[in-house]
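Down below is the structure, laid out as structure tokens.
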Amino acid sequence: MPADQDPKPAPSQHWDPARYQRNAGFVPVLGAPVLDLLAPQPGERILDLGCGDGVLTEKLVAAGASVVGVDASAEQIAAARARGLDARVMSGEALTFVGGFDAVFSNAALHWMKQADAVIDGVWRALEPGGRFVAEMGGGANVAAITGALVAALDRRGLDGAGAVPWFFPSVEDYRARLERRGFRVRTIGLIERPTPLPGAMAGWLETFAESFIRRLPEPDRAAYIAEVETALAPRLRNAQGQWHADYVRLRFAAEKL
Ligand SMILES: C[S@@+](CC[C@H](N)C(=O)[O-])C[C@H]1O[C@@H](n2cnc3c(N)ncnc32)[C@H](O)[C@@H]1O
């Protein structure tokens, strides 16, 4: 079933800015190429969609743009506001802006929004004619090994592992078609394989990003579940020196509102 027809509510995922900085500080750092693709200009009005704690939003401001950040997490927005940013709690699946933006930027957030067409619709409405939509998200086989291990370990417990997957990782063809259907001209779009070194053990990544799986289990059973998933992944994602990697594949694109 296409992601945006999924009738189930999004599984719960909670964003803790301190935990995010500790385990996922690489996310905004590795967002540099998509910032380059956006090439923000002084005076431009830019919406940062799924801005998180605002590390990249700050870079847009530093480029001289006038920036609004939105994110569904009140905790992340509080952290972004603490940086002095104009940041607002809003779902990317229900954007309320009508015009006013020269560009919409997004890093590592769109794959959390399963109603992809609603997101693209909201971005289209927020942009002025000719405005740019420039983003990077998980795509294709992003974190396929990690997802497989998380799902299998829930299935082994008699639970619906596939039903806990919170992400939408589209192919190039899928996302291009959605953008073009809504009236965007796609300037560039492609998948990038990017195995990503983690700052610590896989458990840190799982605790930060895989809560929708972990929360299917009662609290006392969670540590054993995480340990089991780590053990299953070690042969593929931990090297001889003990360094963990996540099997990231990114979808990066730049499109223009016709
Ligand atoms: C991995 S973080 C990326 C944050 C930031 N863009 C960065 O590069 O560090 C993903 C963000 O997407 C946000 N998010 C998830 N679902 C969302 C939704 N439906 N609407 C808006 N933001 C959402 C989360 O709250 C989280 O802050």
Exercise. Of LEU37, LEU85, LEU56, which residue is open to solvent by 10 Å² or more (accessible area, probe 1.4 Å) and near the ligand (Cβ under 10 Å from one of its atoms)?
Worked result: LEU56
Exercise. Pairs under 6 Å by beta carbon, first residue under 15 Å from GLY50 (Cβ atoms) and charged (D, E, K, R) in region 85-106, partner part of a loop (DSSP other than H, G, I, E, B) and open to solvent by less than 30 Å² (accessible area, probe 1.4 Å), six or more apart or different chains?
Worked result: GLU93/MET113
For this session: Working only within region 67-82, note down all residues that are more than 8 Å from the ligand (Cβ to nearest atom), aliphatic (A, V, I, L, M) and touching a strand residue (DSSP E or B) at 6+ places or on another chain (Cβ under 7 Å).
Result: VAL67, VAL68, ALA74, ILE77, ALA80
For this session: Pick out the one residue from LEU154, LEU150 that is over 22 Å from LEU251 (Cβ atoms) and open to solvent by less than 50 Å² (accessible area, probe 1.4 Å).
Result: LEU154
Problem set entry | Meets criteria (under 17 Å from the mean Cα position of the chain (by Cα) and either within 10 Å of the ligand (Cβ to nearest atom) or modelled with pLDDT under 95 (or both)) for VAL143 | no
For this session: Report, ordered by the first and then the second residue, all pairs with beta carbons closer than 9 Å, sequence separation of six or more or different chains, a first member in region 216-243 that is farther than 15 Å from ILE146 by Cβ, and a second member that is open to solvent by 100 Å² or more (accessible area, probe 1.4 Å).
Result: ARG222/ARG215
Exercise. What residue, of SER73, SER91, is under 22 Å from ALA126 (Cα atoms) and open to solvent by less than 40 Å² (accessible area, probe 1.4 Å)?
Worked result: SER73
Exercise. Helices (runs of 4 or more DSSP H) wholly in region 186-251 with at least 2 residues that are open to solvent by 50 Å² or more (accessible area, probe 1.4 Å) - which ones?
Worked result: 222-237
Exercise. What number goes with the only condition from (1) more than 11 Å from the ligand (Cβ to nearest atom); (2) on the phi > 0 side of the Ramachandran plot that ILE46 does not pass?
Worked result: (2)
Exercise. Being modelled with pLDDT of 95 or more, in contact with a Gly (Cβ under 8 Å, 6 or more places away or on another chain), part of a helix (DSSP H, G or I) and open to solvent by 30 Å² or more (accessible area, probe 1.4 Å), is that true of even one residue in region 118-128?
Worked result: yes
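The values are calculated or read from the model by the stated rules, or taken from the named source; none is laboratory data. As the structure is a computational prediction, the values presented were derived from the model and not from experiment. Every residue, glycine as well, gets a Cβ built from its backbone with ideal geometry; the counts of neighbours run over all protein chains shown. In case anyone asks, the SASA skips ligands and DNA or RNA and just uses the protein heavy atoms, side chains included. Shrake-Rupley method; radii C 1.70, N 1.55, O 1.52, S 1.80 Å.
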